[in-house]
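**Q** What follows is a single structure, and I will ask about it in a moment.
The values are calculated or read from the model by the stated rules, or taken from the named source; none is laboratory data. As the structure is a prediction and not an experimental result, all values here were calculated from the model. Neighbour counts run over all protein chains shown; Cβ positions are idealised from the backbone, glycine included.
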Amino acid sequence: MAPRVVTYYGQPLRSICPFCGATFAKFPSGLQRLLQRFHTRKLSFTVFFRLLIIAIGFAVIGYLSSWEFLPRSLGRFAIFGTIIFAPLALAELIFQCVEIIAAKFSHQSNHYWAAIVLLTIFIANQVQEATAYLVMFFIVMLIRWLISGLAQFRESSHETHFNN
């Protein structure tokens, strides 16, 4: 079989079987290729452990500052670092758990994320006071996506240079 390529304004979209019309392969756009390289579906807790170590380091600095082993100004810096990196580590843990559950059941994780968003919308409608916390949760998830994506992008760019 020689597949036929379907194009849209000169850009290949997918290749199909000329006999039955089934899709053989899909060709992502330039933005989709960038995002796929930026965020792979590789399951790994390394970013979580790095964020956790950073959060614990800030907490230890804050603890030592409260006992006056370190300057007080350093303690204020440590509080902000802990407040920033602890939720990011928790968001990374939640993300990896959802992805691993989806992989264990051989499901697409998009369905799980859609269910989480639907549940969040339902909770926000029922409990008005929780809306700000839910918005903060999704902002932290977006920041987590950016940080882990940058880490994976950096690792994938090193791998491609060494493999070629």
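**Q** Out of the residues in region 94-150 that are closer than 24 Å to PHE45 by Cα, polar (S, T, N, Q) and in a helix (DSSP H, G or I), state the one that is modelled with the lowest pLDDT.
**A** SER148
**Q** Continuing with the same structure: State which residue is surrounded by the most Cβ atoms within 10 Å (Cβ to Cβ) when the search covers only region 45-60 and only residues that are out of contact with any Gly (no Cβ under 7 Å at 6 or more places or on another chain) and within 20 Å of GLY75 (Cβ to Cβ). Give the steps one after another, and end with the answer.
**A** Here is the first cut: in region 45-60, the residues out of contact with any Gly (no Cβ under 7 Å at 6 or more places or on another chain) are 45-57, 59-60.
Remaining after also requiring within 20 Å of GLY75 (Cβ to Cβ): 53-57, 59-60.
Numbers: ILE53: 12, ILE54: 17, ALA55: 20, ILE56: 14, GLY57: 14, ALA59: 16, VAL60: 13.
Here the residue is ALA55.
**Q** How many residues are closer than 20 Å to ALA89 by Cα and of a type in the set (Phe, Trp, Tyr) if we restrict to region 57-76?
**A** Count: 2.
**Q** Then there's this: Being part of a loop (DSSP other than H, G, I, E, B) and surrounded by 10 or more Cβ atoms within 10 Å (Cβ to Cβ) is the filter here; which residues of region 4-15 pass it?
**A** Step one: filter region 4-15 for residues part of a loop (DSSP other than H, G, I, E, B), giving 9-10.
If the condition is that a residue be part of a loop (DSSP other than H, G, I, E, B) and surrounded by 10 or more Cβ atoms within 10 Å (Cβ to Cβ), then no residue fits.
**Q** Any residue at all in region 64-82 that is without any contact (Cβ under 8 Å) to a residue 40 or more places away in the chain and within 19 Å of SER148 (Cα to Cα)?
**A** Of the residues in region 64-82, the ones without any contact (Cβ under 8 Å) to a residue 40 or more places away in the chain are 64-82.
If we keep only those that are within 19 Å of SER148 (Cα to Cα) as well, we get 81-82.
Yes; the residues of region 64-82 include at least one that is without any contact (Cβ under 8 Å) to a residue 40 or more places away in the chain and within 19 Å of SER148 (Cα to Cα).
**Q** Residues being part of a helix (DSSP H, G or I) and at pLDDT below 85: count how many of those fall in region 16-64. Write out each step before concluding.
**A** Within region 16-64, the subset part of a helix (DSSP H, G or I) is 30-38, 46-64.
From what is left, the residues that are at pLDDT below 85 are 30-38, 46-47.
Result for region 16-64: 11.
**Q** Could you list all residues from region 85-137 that are closer than 29 Å to PHE58 by Cβ, crowded, with 16+ Cβ neighbours inside 10 Å and small (Gly, Ala, Ser)?
**A** ALA86, ALA89, ALA91
**Q** Which of the residues spanning region 110-147 are in contact (Cβ under 8 Å) with a residue 12 or more places away in the chain and over 22 Å from PHE48 (Cα atoms)?
**A** The one that is in contact (Cβ under 8 Å) with a residue 12 or more places away in the chain and over 22 Å from PHE48 (Cα atoms): THR120.
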